[in-house]
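Asker: Right, I'll just put the structure down here and ask away after.
Just so it is clear, none of the values below were taken in a lab; they were calculated from the coordinates. As the structure is a prediction and not an experimental result, all values here were calculated from the model. Cβ atoms come from the backbone with ideal geometry, glycine included; neighbour counts cover every protein chain shown.
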Amino acid sequence: MTNKPFDAAALAEEYDQRSPQDILKLALDSFDNIAISFSGAEDVVLIDMAVKIRPDVRVFSLDTGRLHAETYRFIEQVRQHYNINIDIMFPDAAETEALIREKGLFSFYRDGHQECCGIRKVMPLKRKLSTLDAWVTGQRKDQSPGTRTAVPVVQDDRAFGSADNPLVKFNPLSNWSSAQVWDYIRSNDVPFNELHNKGFISIGCEPCTRPVLPNQHEREGRWWWEEATMKECGLHSSNVKSGS
Amino acid sequence: MTGVTKITMVKKILADGSPCRKCEEVETRLRDEGYLDRIDHVVVADERDPDSEGMQLANRYQIERAPFFIVEEEGREPRVYTVFLRFMKEVLQTEVNARSEAAEIMRNDSMDYI
């Protein structure tokens, strides 16, 4: 399984127009040491799909310590509904205490969210991913138009993997729209976070998430006080010729 | 890290012709800290020109953002770094604060899907 060469670039091309279920099957067939990242939001559809392929699929969530009560209830609901274990990862206590001592509980409104998210999300995620060969996310292109134009359905994870410890990242929902995700949730009676009934689309930490109005993009409900220009360094794939 | 034979830095020019802000910051830091001469080759990914060397390298290595670094070493596959501070730590062997590295990952990718 994991010891055969895995050509993420070639498979990304081959599977680009395949269904999320096909991509998940590829992921679960290719790797034993793989887990789904569950944010407590719409990415629950990945769990619904995956348990039909592998009932004991591994799932993890990041408890930042700042989630909505509704999200905690939902994570527990999903655990019971699918009869699965969900590994909950927590931030490093010393790092979190140091940040709060130095900058208070709401430094992200003043200094940007990266530092707080780095401690509460990235560091625990890095710790978790260091134990895996592959992971699955609910990342979609339409979540951030303009800055997330290229989300391959499978890719070498260069942010968290390395030459010595390669990591493969699957994004089975990459080409799905929010509408397709919700069609699936309704058609398959998939449980969902009650915050969605209150106008939330993208759901993260409580202080950094808000409901959006009709016709507002979901990204406007996250870190709304920050400039969009902070993400200018994406390479726009439409400008990159293939086949070189 | 021993055995490194070539380091390439890819920086970006935006569609309006202006330089990528983070690329400039990274290059300035490399210069200020005396590491720029460790970079053998600096190439440009020009959004206006899909044939530019940097855009072609981004395509070859499936990279979605700049700057990034390609480290070549005899007898090994090239290694690509998209997190600058990780490159600093692993290749240039500088001290890097774990909190700063995590914050940089957040700046590269909002991680709103986890």
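Asker: Rank the residues A:Y109, B:Y81 as a footprinting-exposure proxy: fewest other Cβ atoms within 10 Å of their Cβ go first.
Answerer: Working: A:Y109 14, B:Y81 23.
Sorted ascending by nearby Cβ count, the order is A:Y109, B:Y81.
Asker: I need the shape label for segment A:83-209. Rule: rounded when a/c is under 1.5, else prolate if a/b > b/c, else oblate, with a, b, c from the alpha carbon gyration tensor.
Answerer: Details: a/c = 1.67, a/b = 1.21, b/c = 1.39.
Oblate is the answer for segment A:83-209, as a/c is 1.5 or above yet b/c matches or exceeds a/b.
Asker: Sort segment B:4-82 into rounded, prolate or oblate with this rule: let a ≥ b ≥ c be the square roots of the eigenvalues of the Cα gyration tensor; rounded if a/c is under 1.5, and if a/c is not under 1.5, prolate when a/b is larger than b/c, oblate otherwise. List each step's numbers first, then the result.
Answerer: Numbers: a/c = 2.30, a/b = 1.18, b/c = 1.95.
Oblate.
Asker: Run down the aspartates and glutamates and flag those whose C-alpha is under 15 Å from the C-alpha of A:K103, throwing out any fewer than 8 positions away in its chain.
Answerer: A:K103 reaches A:E95, A:D111, A:E115.
Asker: OK, next. How would A:W225, A:W176 line up from fewest to most surrounding beta-carbon atoms within 10 angstrom? Intermediate values should be presented prior to the final figure.
Answerer: Numbers: A:W225 10, A:W176 21.
Arranged by neighbour count, lowest to highest, A:W225, A:W176 become A:W225, A:W176.
Asker: Using Cβ counts within 10 Å as a stand-in for footprinting exposure, how do A:H217, B:H41, A:H68 rank, fewest first? Before the final figure, lay out the partial values.
Answerer: Values: A:H217 16, B:H41 12, A:H68 19.
So the residues, fewest neighbours to most, are B:H41, A:H217, A:H68.
Asker: Follow-up question, since we're still on this one. Assuming a ≥ b ≥ c are the square roots of the Cα gyration tensor eigenvalues, decide whether segment A:143-196 counts as rounded (a/c under 1.5), prolate (otherwise, with a/b larger than b/c) or oblate. Can you show the working numbers first?
Answerer: On the way: a/c = 2.71, a/b = 1.98, b/c = 1.37.
Cα axes put segment A:143-196 in the prolate bin.
Asker: In segment A:24-179, with Lys and Arg counted as +1 and Asp and Glu as -1 at Cβ, which of these residues, A:I84, A:S144, A:P55, has the Cα nearest the positive end of the dipole, that is, farthest along it?
Answerer: It is A:S144, whose Cα lies furthest towards the positive end.
Asker: How well do other chains shield peptide B:12-19, expressed as the mean number of their Cβ atoms within 10 Å of each residue Cβ?
Answerer: 1
Asker: Another question, if that's okay. From the residues A:T209, A:I100, A:A69, which one has its Cα farthest along the dipole of the protein assembly as shown in the positive direction, the dipole being from +1 and -1 charges on Cβ of Lys/Arg and Asp/Glu about the Cα centre?
Answerer: A:A69
Asker: Moving on. Just list whichever of A:K128/A:K198; A:K52/A:K198; A:K141/B:K89; B:K11/B:K89 have alpha carbons separated by over 23 Å in the model shown.
Answerer: Details: A:K128/A:K198 31 Å; A:K52/A:K198 30 Å; A:K141/B:K89 31 Å; B:K11/B:K89 19 Å.
Over 23 Å apart, Cα to Cα: A:K128/A:K198; A:K52/A:K198; A:K141/B:K89.
Asker: What's the Cα-based Rg to Rh of chain A, Rh via Kirkwood?
Answerer: Details: Rg = 17.9 Å, Rh = 19.0 Å.
So for chain A, dividing Rg by the Kirkwood Rh gives 0.94.
Asker: Calculate the dipole size of the protein assembly as shown relative to its Cα centre from +1 charges on Lys and Arg beta carbons and -1 charges on Asp and Glu beta carbons; express the result in debye to the nearest 20. Walk me through the numbers before you get to the answer.
Answerer: Values: 46 positive and 59 negative charges, 110 e Å.
Approximately 520 debye in magnitude.
Asker: Could you check the spin-label model distance between B:E77 and A:Q21? Points 7 Å from the Cα along Cα→Cβ, value in nm.
Answerer: 3.2 nm
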